[in-house]
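S.K.: Got a structure for you, written out below as structure tokens; questions coming shortly.
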Amino acid sequence: IDGSRTLDAAGMIALLERWVKQYPVVSIEDGLAEDDWEGWQRLTAALGDCVQLIGDDLFVTNPERLRRGIAEKVANCVLVKVNQVGTLTEAFDVVRLAREAGYRAVFSARSGETEDSTLADLAVASGAGQIKIGSVARSERLAKYNQLLRIEEEVGSTAPFATWRI
């Protein structure tokens, strides 16, 4: 999409379906507008069995929005931004809620991150199995990747990793 046209939810879903058939897409983040609950239901019905549908703006690491999403069968994964929800307890509650509903969780860095690597520890401690920190390009990202490597050296094969079958 080059910005020269706009799509409604049905058009966007059709485009995403075409891409999923044409390319090896395994995950889509914020596929539709954050308040288009009906569109998200249709998107999840169309692609939720074959693609990880991540709600970032949809859920904003908010347990109430996640509960609504679970009840309305939208998405199948929540992006967890610890400093968005406010406390570690709330972040872990969101992960627990997601897991209990059969959803996945992805811990995510924020733009303007520091070299603090705590996010890597939280992702592993939660058992989320996934973390989103960007490419190995800058020191604040590298710090988190290095921490993940240190954790793997320490815990070995007992660490959980995300699995997804296509």
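Just so you know, all these numbers are worked out from the coordinates, no wet-lab data involved. Here the structure is a predicted model, which is why all the values come from computation and not from measurement. Neighbour counts are summed over all protein chains in view; Cβ atoms, including those assigned to glycine, are modelled from backbone coordinates with ideal geometry.
S.K.: Based on the mean of other Cβ atoms within 10 Å per residue, sort peptides 72-82, 22-32 so the most packed one is first.
M.R.: 72-82, 22-32
S.K.: Okay, moving on. Give the lysines whose C-alpha is closer than 21 Å to that of residue 132, dropping any in the same chain fewer than 8 places away, or say none.
M.R.: 81, 144
S.K.: Moving on. Any idea how far apart residue 5 and residue 50 come out in nm if each label point goes 7 Å out from Cα toward Cβ?
M.R.: Label-label distance for residue 5 and residue 50, simple model: 2.2 nm.
S.K.: Please compute the modelled spin-label separation between residue 26 and residue 116, points set 7 Å along Cα→Cβ, answer in nm with one decimal.
M.R.: About 3.0 nm separates the two model spin labels.
S.K.: Can you order the peptides 47-55, 4-12 by their average number of other Cβ atoms within 10 Å per residue, highest first?
M.R.: Per-residue Cβ counts within 10 Å, averaged per peptide and sorted highest first, yield 47-55, 4-12.
S.K.: For residue 83, project a label point 7 Å along Cα to C-beta. Then give me every residue of the range 106-129 with its amide nitrogen under 14 Å of that point.
M.R.: Zone members listed by number: 108-120.
S.K.: Sticking with this one: Report Rg/Rh for the range 9-158, rounded to two decimals, where Rg is the Cα radius of gyration and Rh the Kirkwood radius.
M.R.: The Rg/Rh ratio comes out at 0.99.
S.K.: Between residue 152 and residue 71, what is the label-to-label distance in nm when each label sits 7 Å out along the Cα-to-Cβ direction?
M.R.: For residue 152 paired with residue 71, the spin-label model returns 4.1 nm.
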